[in-house]
Amino acid sequence: MADQNKTTLWAKAATIALGLMAGLISGWWAITGGMGGQNYSGWYGSSVTGSRDADPWLRARVAVAGLLALNKSQAIYFTRKTDDAGEPLREDCRYRVTGGALPGQWWSVTVYASDNYLPLNDDDALSFDATEVKPNAAGQWTAVLAPVRPADGEAWASTRKAGNFDITLRIYQPNAQAQGNYASIPMPRVTKLDCGGKA
């Protein structure tokens, strides 16, 4: 009888331990899965980031990613991990980012390595912003994500030592329409140029 009780206790303890492990693993996956939210042309954003309405998982994602999420009247945030073809963004590839006017006073695009930190390189070019791009007559601009600075002086963010990376778009002081309807924002495109020097 004592052996049977011991076996029952061990079975209960094992069940509890497995449940805790499953909960921890699923929780960590939910937290580290990026900013979450909805997909806007490959960019993911949540309209409750930085607000009281953010659920515990989103708050935890923000904390783990090291993103100081301001209220959406001050800034809105979008992240992406893939190019326009749906392929993961990789350090050994070059990408062209193209866009037009964004609905805010200022904006920036920043590269983050797979550990959610800035890549550990000394290129002094981990982001580009509205002041660095050169819009054409139609208001369209381009920039490059690559491990090496472009020879033509185009706006650039370095991906050297970033591994499989993601990028964050921040739009500061967005207008009322953008705050109320993220789908109205003309999101930049991210097109792969080549990888390892090969098209």
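The values are calculated or read from the model by the stated rules, or taken from the named source; none is laboratory data. For clarity, every value in this text was computed on a predicted model and none was experimentally measured. Here Cβ is always computed from backbone atoms with ideal geometry, including for glycine, and neighbour counts include all displayed protein chains. Areas reflect the complete protein model, heavy atoms only, side chains present, ligands, DNA and RNA absent. Shrake-Rupley method; radii C 1.70, N 1.55, O 1.52, S 1.80 Å.
Please go through segment 147-164 and give me each residue that is open to solvent by 30 Å² or more (accessible area, probe 1.4 Å) and in a strand (DSSP E or B), ordered by number.
Across segment 147-164, the qualifying residue is only N164.
Which one is farthest from D166 (Cα to Cα), of the residues in segment 69-83 that are hydroxyl-bearing (S, T, Y) and not in a loop (DSSP other than H, G, I, E, B)? Step through it out loud before you land on a result.
Initially, segment 69-83 is screened for residues hydroxyl-bearing (S, T, Y), giving 73, 77, 79, 82.
Filter again for not in a loop (DSSP other than H, G, I, E, B), leaving 77, 79, 82.
On the way: Y77: 13, T79: 7, T82: 7 Å.
Looking at residues that are hydroxyl-bearing (S, T, Y) and not in a loop (DSSP other than H, G, I, E, B), I get Y77.
Can you name the residue in segment 111-146 that is touching a Pro at 6+ places or on another chain (Cβ under 8 Å) and part of a loop (DSSP other than H, G, I, E, B) and is also least open to solvent (accessible area, probe 1.4 Å) among such residues?
Applying the filter and picking the extreme gives A113.
For segment 34-48, which residues satisfy the criterion of being in contact with a helix residue (DSSP H, G or I) (Cβ under 8 Å, 6 or more places away or on another chain), hydroxyl-bearing (S, T, Y), surrounded by fewer than 18 Cβ atoms within 10 Å (Cβ to Cβ) and modelled with pLDDT of 85 or more?
Hit for segment 34-48 is Y40, nothing else.
Here are some residues: G104, G86. Which one is in a loop (DSSP other than H, G, I, E, B) and closer than 18 Å to S184 by Cα?
G104
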